[in-house]
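These notes concern the structure reproduced below.
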Amino acid sequence: MRIAILEDDTDQLALLRRWLVDDGHDVHGYLAGREMMKQAGRESFDLFVLDWQVPDVSGADVLVWLREHVSKTVPVLFVTVRDSEQDIVFALEKGADDYMIKPARRQELIARVRALLRRAYPREEQKLLSFPPFEIDLQRNEVRREGAVIDLTPKEFELAVVLFRNIGRLLSRGHLQETVWGRTGDLHTRTVDTHVSQVRKKLDLRQETGYRVVPIYNYGYRLEQILSP
């Protein structure tokens, strides 16, 4: 999963980042509130970890901004020294999903992050995903339409899985790049566009098939399901 951390202590940021990277996540760290807000407006993330007392814009204000301008559902976890009941209640009432008091403990942090991600993005251990008329066979790495196998490259298959598992959610190019290709610094964003175009063409994603890929200029893509009237 793709996680953004707001933490102005460089040592603490490095520690949290290492813990979460070791747990298999792609982690982006920000030292100031305005810096995180700028990137959150350009990129999509699966979870935000916020400190409260940071330069220029507090974590509490970042939370309010995220809920108003980015998403009302992406999980937000506070990790902060502020331990008053008033602060905890304020954060939870403004949209935070969980609250930890520093010093953070590794196993507790990982457990809370996993719990938040499970609730936000439930993924049953299914080997066959059904999105009529499509079936996605995770064991055979196949996408089938009404029983017929669609010829996809391995990366096209991975991209199709990500899009269908996130129907209705806007995903940035950077998010798709990290999820499908990993953190490859020299991968051009045009590669993402080309693969999305191929998936759309090969799966024939248009209104008649019940799904469409919507490009968002300078941001990314959203797979939408078109419901019959």
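The values are calculated or read from the model by the stated rules, or taken from the named source; none is laboratory data. Since the structure is predicted, the reported quantities are computational estimates derived from the model, not experimental observations. Positions of Cβ are backbone-derived with ideal geometry, glycine not excepted, and every protein chain shown enters the neighbour counts. Calculation scope for accessible area: heavy atoms of the full protein, side chains included, ligands and nucleic acids excluded. Shrake-Rupley method; radii C 1.70, N 1.55, O 1.52, S 1.80 Å.
If the condition is being modelled with pLDDT under 90 and either touching a strand residue (DSSP E or B) at 6+ places or on another chain (Cβ under 7 Å) or surrounded by 12 or more Cβ atoms within 10 Å (Cβ to Cβ) (or both), then the range 182-209 contributes R183, L187, T189, T191, R206, T209.
Residue by residue, here is whether (1) in contact (Cβ under 8 Å) with a residue 24 or more places away in the chain; (2) more than 20 Å from L20 (Cα to Cα) holds:
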| residue | (1), (2) |
| --- | --- |
| L47 | yes, no |
| W52 | yes, no |
| D56 | yes, yes |
| E68 | no, yes |
| S71 | no, yes |
| L77 | yes, no |
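Every condition in (1) out of contact with any helix residue (DSSP H, G or I) (no Cβ under 6 Å at 6 or more places or on another chain); (2) closer than 23 Å to N166 by Cα; (3) of a type outside the set (K, R) holds for D23 except the one numbered (1).
Just one of (1) open to solvent by 20 Å² or more (accessible area, probe 1.4 Å); (2) closer than 30 Å to R82 by Cα fails for A148. It is (2).
Could you tell me which of the residues V180, V143 is in contact with a helix residue (DSSP H, G or I) (Cβ under 7 Å, 6 or more places away or on another chain), in a strand (DSSP E or B) and either over 29 Å from W19 (Cα atoms) or without any contact (Cβ under 8 Å) to a residue 60 or more places away in the chain (or both)?
V143
Inside the range 107-138, residues that are touching a strand residue (DSSP E or B) at 6+ places or on another chain (Cβ under 6 Å), open to solvent by 20 Å² or more (accessible area, probe 1.4 Å) and of a type outside the set (D, E) make up a count of 3. Applying the criterion of being in a loop (DSSP other than H, G, I, E, B) and among the small types (G, A, S) to the residues of the range 146-172, the residue that is nearest to the chain's Cα centre (by Cα) is G168. Per the conditions (1) buried (at least 17 other Cβ atoms within 10 Å of the Cβ); (2) over 15 Å from V196 (Cα atoms), the sole criterion not satisfied by N141 is (1). Restricting attention to the range 9-24, and to residues there that are surrounded by fewer than 18 Cβ atoms within 10 Å (Cβ to Cβ) and closer than 24 Å to S71 by Cα, which single residue is modelled with the highest pLDDT? Only one residue tops the list, namely V21. Restricting the first member to the range 81-101 and to residues that are open to solvent by less than 80 Å² (accessible area, probe 1.4 Å), and the second to residues that are of a type in the set (V, I, T) and not in a helix (DSSP H, G or I), the beta-carbon pairs closer than 6 Å and six or more apart or on different chains are A96/V76; D97/V76; M100/V79.
Among the numbered conditions (1) among the β-branched types (V, I, T); (2) closer than 25 Å to V214 by Cα; (3) surrounded by fewer than 17 Cβ atoms within 10 Å (Cβ to Cβ), the only one that V74 does not meet is (3).
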